[in-house]
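Read-outs: derived from the displayed coordinates by stated rules, not from any lab. Computed from a predicted model, the values in this text were never measured in an experiment. Methodologically, a virtual Cβ is constructed for each residue, glycine included, from the backbone with ideal geometry; neighbour enumeration extends over all protein chains shown.
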Amino acid sequence: MSEAEKIQMVDLYGQYLGMRDEIDNAISNVIASSSFIRGDEVKRLEGELADFIGVKHAVTCGTGTDALMLSLMASGLERGDEVIMPAFTFAAVAEVVLLLGGVPVFADVDESTFNIDPESVDRMVSARTKAIVPVHLFGQPCDMVSLTDIAARNNLVLIEDNAQSFGAVCRMPSGHDVFAGAVGNIGCTSFFPSKVLGCFGDGGAVFTDDDKSAELIRALANHGQYKKYTHEYVGVNSRLDTLQAAVLRAKLPHVPLWIESRRAAAKYYTENLMDVPQIKLPAEMPESTHVYHQYTLRVSPESRDGLKDALAAAGIPSMIYYPSALFEQPAYRDKCLRDPMADSCQILTRSVLSLPMHSELTHEQQDRVIEAVKFYFSDKD
Ligand SMILES: *Cc1c(COP(=O)(O)O)cnc(C)c1O
């Protein structure tokens, strides 16, 4: 099989080939300026990101994990403060809360959307709760109307982990469409290469309308200084490289079309897999748009690993996001709290399987995936 026909979870090189000159020029220009740290491209990107998302401030930083850490630092998280987050997600939020001396509090998720369950969040609010960090998982925003209400009622900071749903939109009750990451007090994103908007290495950003938070995060990310060599805070060194900013500036205008391609690919999977009784397809909520960072199936725990192996044998990659709940992780399990009623997470960790999904996927490639899935289930009921 040629490289071109090989099906991949994400096709970063294919995406690059579609805009090779733009990217190569952007990179050459940075090298010509040799302004590798805090160069002009970083400032320009921040302005363009803020305009795109519809917030006053975008502050870039070194990684999406740092974006979460800086947001929690800027929110005044203190030792022993509790932060409510989903138990079914990537480890970043739990990790930074623990690093800052806080306590991760794991809420349950909704089985059909994979997103944090507001009822579980409500149950877990205590006198020590400082913040809620919903994660817009796999490309679809959480129920931000309910979460905004819980945060307001309890005077909590609402920080969105939007690493997987850049470009998704929440339809607010006011009738306005608001981009995910612009609903809460602070939104965080990651430019890890495989994300919807990814760079050629690590990168992240924070979004906010609040002038003070933006200024504070900017200082914290730069060794706690507003003025060179005056350290107002104990900060960190977390910067987006000028080279990465240039790559992201070239890519940003393509994002709406890439999202269209992802949505079209998802629709094609859904149309062709909906008559397979053994699988549950991803649910789309009416109150938001889905940008399909992942296309994730749910199958019975008995057939999940068998399906993964059968796909692999047919040359088709698939991934298990995520194989365990965060409250089960060795590093966190004794240092966290969890909703005792949180059993959806453990059901999901045993039943999810994500299929190849990216903006360069062809119908021919999808047909091979669809056929292999159908073939696996053809002798099972
Ligand atoms: C990718 C990701 C992050 C972390 O991003 P990095 O840039 O790799 O630090 C955080 N949260 C979620 C949900 C992610 O998918």
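For the range 87-116 and the range 277-314, compute the distance between their C-alpha centroids and round to whole Å. Answer, in whole Å: 21.
Of the DSSP beta bridges with both residues in the chain, give the percent that are antiparallel, rounding to the nearest 5. That works out to approximately 60 percent antiparallel. An ellipsoid equivalent to the chain, defined through the eigenvalues of its Cα gyration tensor, has semi-axes of 33, 28, 17 Å when rounded to whole angstrom and sorted largest first.
Peptides 236-248, 70-82, 294-306 ranked from most to least packed give 236-248, 70-82, 294-306, packing being the mean of other C-beta atoms within 10 angstrom over each peptide's residues. Reducing the range 128-144 and the range 365-381 to their Cα centroids gives an inter-centroid distance of 34 Å.
Extension gain for R333 to F36 (0.36 nm times residue separation, less C-alpha to C-alpha distance): 102.9 nm. Annotation: for a label point projected 7 angstrom from Cα along Cα→Cβ of V145, residues of the range 173-194 with backbone N closer than 15 Å are 173-178.
With the Kirkwood sum run over all distinct C-alpha pairs, the range 120-273 has a hydrodynamic radius of 17.4 Å. Descending by average beta-carbon neighbour count within 10 Å, the peptides 33-39, 160-166 line up as 160-166, 33-39, the highest first. When the Cα positions of V42, Q140, A92 are compared along the charge dipole of the chain, V42 comes out farthest toward the positive end, with charges on each C-beta of Lys, Arg, Asp and Glu. Note on the range 64-179: Cα convex hull, mean projected area over all directions, 6.7 nm². Approximating the spin labels as points 7 Å out from Cα along Cα→Cβ, the L12-to-F375 distance works out to 3.0 nm. Taking a sphere under 13 Å around the Cβ of I27 and counting the other residues whose Cβ falls inside, with K and R at +1 and D and E at -1, yields a net charge of -2. Each Lys and Arg adds +1 at its Cβ and each Asp and Glu adds -1 at its Cβ; summed about the Cα centre, the range 12-253 shows a dipole of about 680 debye. Between the listed residues G198, I279, Y226, the Cα displaced farthest toward the positive end of the dipole of the range 195-320, a dipole computed from Cβ unit charges relative to the Cα centre, is found at Y226. Centre-to-centre separation between the Cα atoms of the range 240-266 and those of the range 50-70: 16 Å. Can you classify the range 225-320 as rounded, prolate or oblate using the Cα gyration tensor, where a ≥ b ≥ c are the square roots of its eigenvalues, rounded means a/c under 1.5, and otherwise it's prolate if a/b beats b/c and oblate if not? It comes out prolate by the Cα gyration axes. Put simply, when 5-18, 365-378 are sorted by average Cβ atoms within 10 angstrom per residue, most first, you get 365-378, 5-18.
Taking the inverse of the mean reciprocal distance over all distinct Cα pairs, the Kirkwood hydrodynamic radius of the range 255-378 comes to 15.8 Å.
In terms of distances greater than 28 angstrom between alpha carbons, the cross-link table entries K43/K227; K56/K251; K130/K308; K251/K335; K267/K374; K56/K280 yield K130/K308; K251/K335; K56/K280.
A compact globular protein would have a Cα radius of gyration near 2.2 N^0.38 Å; the ratio found for the range 1-95 is 1.52.
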